[in-house]
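The values are calculated or read from the model by the stated rules, or taken from the named source; none is laboratory data. For clarity, every value in this text was computed on a predicted model and none was experimentally measured. For neighbour counting, all protein chains shown are included, and Cβ atoms are generated from backbone atoms with ideal geometry for every residue, glycine included. Areas reflect the complete protein model, heavy atoms only, side chains present, ligands, DNA and RNA absent. Shrake-Rupley method; radii C 1.70, N 1.55, O 1.52, S 1.80 Å.
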Amino acid sequence: MKRILLARTDRIGDLVLSTAAIATVRASFPQAKITMVCSPYNRIVMERNTDVDELVQTETGMRPEAFGARYAGIADIAISLAPRSEDLRLVGATRAPLRVGYTYARRYLMRIAARFYVNRLMISEADPALSDRDPHRHVRHEVNQLLDLVALAGATDRVTQLRLDVIDEDRQAIAYLPNEPIVLHLGLRWFGSGSTLESTIALIRELRSFGNPLVVTYAPECERYVQPLADTRAADMVLGGLPFFRWAAVFERARVIVTVDTGATHVASAMRRPTVVVFEHPYFRLNSQEWAPYGVPSVLLRKPAHESMQSLATLRAEIVGAVGRLIDA
């Protein structure tokens, strides 16, 4: 029986995007024992996922090499699902006969170092400067890059659906919410660099024109912005501090989700909901290709380069128009 180790220890959203590749490994090696290495931060994504047999998390303060060495002589295949030094080093320390990873085109030092950790290396075409200079440069979505990555390890029975295991208990916990709301998720990027708190409040008021209930969810780092927004009573409900899968269940209930470029985009895709994403002005071409909603109806918008009243009003009009198109689709 093959033993396969997968590692991804970075962000929650990126691990959500990895679930199709993880499912592909399972479909391609149905008899293998698959161990998934996560971090304490992102392991919630995989806690219910039966595509892996064992879920382990890294330990604070432990070097990746020391953690990976636990699997030396045990793993037959080891795959780094993140293009990070930490994950590549962890996979390298397993000394598995087949070790797979990837890095970015212009990370030249990492391209050299990675050869010491993996024996099959994929080079991603993603690069902010190159993408901005060349309007014809195509960057594969991260999901597709990861599917190509695991194919280097022989995982070729492709599964393209993202996976999050929302259960009836999660749905029942948020059953008090109105049906088919427009859900706006607050991340810090709503409050700077081409967007403001005041404009976001105005957006919520404008979204009410559709007649759908309006629910706002927010990340913990947005706490200080929430009270001024809640005081306006522009939204029907403002929700924070939800357990991960209950938050996903809120998204599952939505008619349309509106968010800035954050992990919420990928949770929305896993819940198969139409999504409007507002990307940052810098590096729009790269980010809107590599981290767009995956496999769902979507509209991708670009923040303005500055925060004049006119540019903020234009962005709000674009968002409202995008929501309307997705509702009518």
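Worth pointing out:
- Residue in the stretch 160-174 that is open to solvent by 50 Å² or more (accessible area, probe 1.4 Å), under 24 Å from Arg84 (Cβ atoms) and over 22 Å from the mean Cα position of the chain (by Cα) present: no
- Within the stretch 119-143, residues that are over 20 Å from Leu81 (Cβ atoms) and open to solvent by 50 Å² or more (accessible area, probe 1.4 Å) sit with their Cβ atoms under 8 Å from residues that are among the charged types (D, E, K, R) and assigned to a helix (DSSP H, G or I), at 6+ positions apart or across chains, in these pairs: Asp132/Arg285; Pro135/Arg285; Arg137/Arg285.
- Selected residue (criterion: farthest from Ile22 (Cα to Cα)) from residues of the stretch 41-50 that are open to solvent by 20 Å² or more (accessible area, probe 1.4 Å) and under 17 Å from the mean Cα position of the chain (by Cα): Tyr41
- Breaking point among (1) over 27 Å from Ala219 (Cβ atoms); (2) among the small types (Gly, Ala, Ser); (3) out of contact with any Lys or Arg (no Cβ under 9 Å at 6 or more places or on another chain), for Gly13: (1)
- Leading residue by the ranking (most open to solvent (accessible area, probe 1.4 Å)) among those in the stretch 76-118 that are among the charged types (D, E, K, R) and within 24 Å of Trp291 (Cα to Cα): Arg107
- Looking across the stretch 11-40, just one residue is open to solvent by less than 40 Å² (accessible area, probe 1.4 Å), assigned to a loop (DSSP other than H, G, I, E, B) and within 27 Å of Gln289 (Cα to Cα), and that is Ser39.
- Residues considered: Glu180, Glu221, Glu206. Of these, the only one that is in contact with a Pro (Cβ under 9 Å, 6 or more places away or on another chain) and either among the acidic types (Asp, Glu) or under 28 Å from Ser308 (Cβ atoms) (or both) is Glu180.
- Qualifying residue in the stretch 307-318 (condition: assigned to a loop (DSSP other than H, G, I, E, B), farther than 30 Å from Asp165 by Cβ, open to solvent by 20 Å² or more (accessible area, probe 1.4 Å) and not small (Gly, Ala, Ser)): yes
- Extreme residue, surrounded by the fewest Cβ atoms within 10 Å (Cβ to Cβ), among residues of the stretch 51-62 that are in contact (Cβ under 8 Å) with a residue 12 or more places away in the chain and part of a loop (DSSP other than H, G, I, E, B): Thr60
- Val267 crowded, with 17+ Cβ neighbours inside 10 Å and either in a helix (DSSP H, G or I) or charged (D, E, K, R) (or both): yes
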